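Here is the structure we will look at, set down as structure tokens.
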């Protein structure tokens, strides 16, 4: 009985502290989306990642996501907040799902971070909008 309660406590703690770095970036993204600064929203997620900054397609990706953010805002309304759906860690990579709560509906993004063991810094190496079916499959009960 004690082992079950210890395991449950550890499980809840792991969700409580999941993705602190990515949470800060997503908060900044949501704040920019509220202010309709769609290009700045992706910059907040980009977070000066050396991996993404070295990619020659970053400016194209930024333009694409600015358009995606505008379309989502038109359909779902302005964001009002976000919550962490869950985190999965594989070695030094951590994938966190976020539910972006809006005025009319909600949408889901995933952020993958690299936890650099040498510099002890976290960098976002992947960002994507996830459809509802994929979100339920990955984060549903």
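The values are calculated or read from the model by the stated rules, or taken from the named source; none is laboratory data. Remember, it's a predicted structure, so these values are computed and weren't measured experimentally. Positions of Cβ are backbone-derived with ideal geometry, glycine not excepted, and every protein chain shown enters the neighbour counts.
Of all residues in segment 92-104, those satisfying the criterion of being at pLDDT 95 or above and either out of contact with any strand residue (DSSP E or B) (no Cβ under 8 Å at 6 or more places or on another chain) or outside any strand (DSSP E or B) (or both) are 103, 104.
Total residues in segment 56-91 satisfying the condition of being closer than 14 Å to residue 45 by Cβ and outside any helix (DSSP H, G or I): the figure is 2.
Does segment 81-104 include one or more residues that are closer than 18 Å to residue 134 by Cα and more than 16 Å from the chain's Cα centre (by Cα)? No, there is no match, as no residue in segment 81-104 is closer than 18 Å to residue 134 by Cα and more than 16 Å from the chain's Cα centre (by Cα). Among residues that are modelled with pLDDT under 95, farther than 20 Å from residue 38 by Cα and in contact with a helix residue (DSSP H, G or I) (Cβ under 7 Å, 6 or more places away or on another chain), residue 113 is included. Once segment 101-140 is narrowed to residues that are crowded, with 16+ Cβ neighbours inside 10 Å and without any contact (Cβ under 8 Å) to a residue 40 or more places away in the chain, the residue that is nearest to residue 54 (Cα to Cα) is 112.
The condition of being modelled with pLDDT under 95 and in contact with a strand residue (DSSP E or B) (Cβ under 7 Å, 6 or more places away or on another chain) holds for only one of 119, 87, that being 87.
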